[in-house]
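The values are calculated or read from the model by the stated rules, or taken from the named source; none is laboratory data. Bear in mind the structure is a predicted one, so any value in this text is a computation, not a measurement. Here the Cβ positions follow ideal geometry from the backbone for every residue, glycine too, while neighbour counts run over all protein chains shown. Accessible surface is based on the protein model in full, side chains and every heavy atom, while ligands, DNA and RNA are left aside. Shrake-Rupley method; radii C 1.70, N 1.55, O 1.52, S 1.80 Å.
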Amino acid sequence: AVHLALARQVQTPDFGESFSAINTDLQLTSTDQVFGSDLGFEDATLFEVAVTHKLDDGLTGSVTGYHRRVVATPRAMFTNEYDAATKATQDIAVIRNLDGGTTDGAEFRLTGHAGLVSGSVAYAYQLTSYTSPGLGFAPSEGDRPHSFTANATVSFPRGWRRGTSAGKVLEATSATVLARYASGARDYTCAVTTFVAPAA
């Protein structure tokens, strides 16, 4: 079986970002303050192709590839604005719609079942490139090149071992175990030149 999908994802921006610091006077704060702006819709496109093949009774394999392009996403950036109080221009951090870059990935999955047990194992690879990362945004944020996942479920059907104590307790129940490993640092440090908002 071959699966093809093309999607466009559009959503309204976060009002908290649009109205950030709306009642803040630049003369009462610092240039580290991030100001909101008139943001447009967040916009992304996604293309996906997948092939699924039955390898054996109870065993199915699939390969999926995808390309996601973030056309517009809100990020803080320095912009040169005129300050009426100082009668000069200065760099101010403002949230704008920026190009969010692309993510390309592939996933390989095996799904099977035997008796009461069913489950799957998968490996995924993704490569993310950021065109306009914005201030306070590490280039490696959200980048997980390698990911391994596995799950197993034991399901006991209704009437399983009817008349036994185990049957009374376990029939029509199931239990699932999940495991996931993803490469890439979850936390990261900011470079000295990276913009960091001051603590409240």
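From the phi of every residue in segment 92-108, what ³J(HN,Hα) in whole Hz does the Karplus formula 6.51 cos²θ - 1.76 cosθ + 1.60 yield, where θ is phi - 60° and glycine or proline is x?
Each residue of segment 92-108 in turn: 10, 7, 10, 7, 10, 7, 10, 5, x, x, 10, 9, 10, x, 9, 9, 10 Hz.
From the convex hull of the Cα coordinates of segment 1-104, what is the mean projected area in square nanometres?
9.1 nm²
Could you tell me the distance between the Cα centroids of segment 1-70 and segment 79-114, to the nearest Å?
11 Å
Need the full-extension length gain, residue 83 to residue 69, defined as separation in residues times 0.36 nm minus the C-alpha distance. One decimal, nm. It would help to have the intermediate numbers written out before the result.
Values: separation 14, 0.36 × 14 = 5.04 nm, distance 3.60 nm.
Length gained between residue 83 and residue 69: 1.4 nm.
Where the convex hull is taken over the Cα atoms of the chain, what is its projected area averaged over directions, in nm²?
Numbers: hull surface 67.9 nm².
Taking the Cα atoms of the chain, their convex hull projects to 17.0 nm² on average.
Output the peptides 15-24, 65-74 sorted from most to least packed, where packing is the average of other Cβ atoms within 10 Å over each peptide's residues. It would help to have the intermediate numbers written out before the result.
Working: 15-24: 12.2, 65-74: 17.3.
Going from most to least packed, we get 65-74, 15-24.
Work from the charge dipole of the chain (Cβ charges, +1 for Lys and Arg, -1 for Asp and Glu, about the Cα centre) and give the residue of 72, 55, 131 farthest towards its positive end.
Most positive-ward Cα: 55.
Any idea of residue 25's accessible area? Nearest 10 Å², probe 1.4 Å.
80 Å²
Given a 1.4 angstrom probe, I'd like the percentage of the accessible area of segment 49-127 that is carbon and sulfur, rounded to a whole number.
Reported share for carbon and sulfur atoms: 59 percent.
Would you grab the residues whose amide H sits under 5 Å from the one on residue 37? Only those 5+ places off in sequence or on another chain, please, with H modelled 1.01 Å from N.
Residues meeting the amide H criterion: 20, 95.
Report residue 176's accessible area, 1.4 Å probe, all protein chains in place, as a number in Å² to the nearest 10.
80 Å²
Within a Cβ distance under 9 Å of residue 10, other residues only, what is the Lys/Arg minus Asp/Glu net charge?
-1
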